[in-house]
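Peer 1: Questions regarding the structure given below will be posed in turn.
The values are calculated or read from the model by the stated rules, or taken from the named source; none is laboratory data. All figures in this text were calculated on a predicted structure; none of them were measured in a lab. All Cβ positions, glycine included, derive from the backbone under ideal geometry; neighbour counts span all protein chains shown. Each accessible area value is taken on the protein alone, full model and side chains, heavy atoms only, with ligands, DNA and RNA left out. Shrake-Rupley method; radii C 1.70, N 1.55, O 1.52, S 1.80 Å.
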Amino acid sequence: MSNSVYRPVIDAILPPGPIWVPTVAGDLDKLLDGISDNQIPIQEFLAQLAYTRIPGKTPILDDADKEWGLIPNPDLSEDERRARLLSAKTSNKNEGTDTFIQEKLRLAGFDVYVHRNNPPINPALFLSDDFLVVCGGSEDATCGEADAVCGSGGAGGDLIVNGDLYVNSLDYLVMCGGEGAICGVADAVCGATSGDINRQLVTYTLPTDSGYWPLVFFVGGLATRDPITDELTSIEFAEIPVSRRDEIVSLIVKYKPAHSWCGILIELV
């Protein structure tokens, strides 16, 4: 006889009569054992439904990702998927602080830190590829000027404002005033396009007005600050998988205050 807890239940609901008293190890006994054992995986599945909305235990992880609007990423391990699900599920209370954003990004599996630009310095020091001071090229290139630092230039980070936004336009073959827009030309058809769509990424310019500098914060690796002024002096680049680039941008846009801009210093691996 099976040791399943369901075998006594099955025996109890059998009709009365000697025909329903199975011989030990007989065919009917084995059939009833099989029926009782078959209830165990059903019980286990139903028991797991209690954890449906708990990120660390949900048995339907794919459905949970969809419910919380997470983009499928086959490069993530199960533990990483559950970590980012927990981050998404607990994000209803958004404080918008640097510590809150850092907590959510790290909870989602990103090894990054959030740094406030306070006291404020020019964010172009970390986000621009251009040199800020060029010998003989600016008023700041003078001995004694605070910004006259040899080789001072941006580290090449990216600026996140509203996520990746694109301006789409059709590729018109004939334009008014163009060489092809002449009566009698076979291709001079009003509205004719190649069928291609031109996509241009919307870019933003860093503010030069120092009053706006505190509104730019940074996401990257560990940072160092001046021991006297507490100004940021360097920020390391953090490594994240290339397949998760869109995800971290989406999370930053989701959690950051609308008036702030994020300078992100990451290396895609």
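Peer 1: Give me the pairs: first residue in segment 80-91 and free of Cβ contacts under 8 Å to residues at least 60 places away in the same chain and of a type in the set (S, T, N, Q), second residue surrounded by fewer than 21 Cβ atoms within 10 Å (Cβ to Cβ) and not in a helix (DSSP H, G or I), beta-carbon distance under 9 Å, and six or more apart or on different chains, which are they?
Peer 2: Here the result reads Thr90/Pro55, each pair linking segment 80-91 to a residue that is surrounded by fewer than 21 Cβ atoms within 10 Å (Cβ to Cβ) and not in a helix (DSSP H, G or I).
Peer 1: Could you look through segment 2-54, keep only residues that are of a type in the set (Gly, Ala, Ser) and in a helix (DSSP H, G or I), and pick out the one that is least open to solvent (accessible area, probe 1.4 Å)? Can you show your working first?
Peer 2: Step one: of segment 2-54, the residues of a type in the set (Gly, Ala, Ser) are 2, 4, 12, 17, 25-26, 34, 36, 47, 50.
If we keep only those that are in a helix (DSSP H, G or I) as well, we get 12, 34, 36, 47, 50.
Numbers: Ala12: 83, Gly34: 40, Ser36: 0, Ala47: 55, Ala50: 77 Å².
Among those that are of a type in the set (Gly, Ala, Ser) and in a helix (DSSP H, G or I), it is Ser36.
Peer 1: Right, next: Taking the condition of being within 35 Å of the chain's Cα centre (by Cα) and either part of a helix (DSSP H, G or I) or at pLDDT below 55 (or both), how many residues in segment 103-151 meet it?
Peer 2: 14
Peer 1: Working only within segment 193-222, note down all residues that are assigned to a strand (DSSP E or B) and either of a type in the set (D, E, K, R) or closer than 14 Å to Pro119 by Cα (or both).
Peer 2: Keep residues of segment 193-222 that are assigned to a strand (DSSP E or B), which gives 193-201, 216-220.
Once the filter is applied, which keeps residues that are assigned to a strand (DSSP E or B) and either of a type in the set (D, E, K, R) or closer than 14 Å to Pro119 by Cα (or both), segment 193-222 yields Asp196, Arg199, Val216, Phe217, Phe218.
Peer 1: Any idea which of (1) farther than 17 Å from Asn122 by Cα; (2) open to solvent by 70 Å² or more (accessible area, probe 1.4 Å) is the one Tyr212 doesn't satisfy?
Peer 2: Here Tyr212 clears every test but (1).
Peer 1: Evaluate segment 80-89: report whether one residue or more is open to solvent by 80 Å² or more (accessible area, probe 1.4 Å) and acidic (Asp, Glu).
Peer 2: As a first pass, look at segment 80-89 and keep what is open to solvent by 80 Å² or more (accessible area, probe 1.4 Å): none.
No - not one qualifying residue is present in segment 80-89.
Peer 1: Return the pairs, sorted by first residue and then second, in which the second residue is of a type in the set (A, V, I, L, M), the first residue lies in segment 27-55 and is within 14 Å of Pro8 (Cα to Cα), the beta carbons are less than 7 Å apart, and the residues are 6+ apart or on different chains.
Peer 2: These pairs meet every condition: Asp29/Met1; Leu32/Ile10; Asp33/Met1; Ile35/Ile10; Ser36/Ile10.
Peer 1: To continue, here is another question. Among the numbered conditions (1) open to solvent by 70 Å² or more (accessible area, probe 1.4 Å); (2) in contact (Cβ under 8 Å) with a residue 12 or more places away in the chain; (3) assigned to a loop (DSSP other than H, G, I, E, B); (4) farther than 28 Å from Gly221 by Cβ, tell me where Ile71 comes up short.
Peer 2: Unmet for Ile71, out of (1) open to solvent by 70 Å² or more (accessible area, probe 1.4 Å); (2) in contact (Cβ under 8 Å) with a residue 12 or more places away in the chain; (3) assigned to a loop (DSSP other than H, G, I, E, B); (4) farther than 28 Å from Gly221 by Cβ: (4).
Peer 1: When you go through (1) under 26 Å from Val269 (Cα atoms); (2) surrounded by 15 or more Cβ atoms within 10 Å (Cβ to Cβ); (3) at pLDDT 90 or above one by one for Leu76, which number turns out not to apply?
Peer 2: Only one criterion in (1) under 26 Å from Val269 (Cα atoms); (2) surrounded by 15 or more Cβ atoms within 10 Å (Cβ to Cβ); (3) at pLDDT 90 or above is unmet by Leu76, namely (3).
Peer 1: What are the residues in segment 37-88 that are under 21 Å from Ser250 (Cβ atoms) and either touching a Cys at 6+ places or on another chain (Cβ under 6 Å) or β-branched (Val, Ile, Thr) (or both), if any?
Peer 2: The answer is Ile71, and nothing else.
Peer 1: I would also like to ask the following. Check segment 45-64 and report whether any residue there is under 30 Å from Ala88 (Cβ atoms), at pLDDT 85 or above and among the acidic types (Asp, Glu).
Peer 2: Yes, because at least one residue in segment 45-64 is under 30 Å from Ala88 (Cβ atoms), at pLDDT 85 or above and among the acidic types (Asp, Glu).
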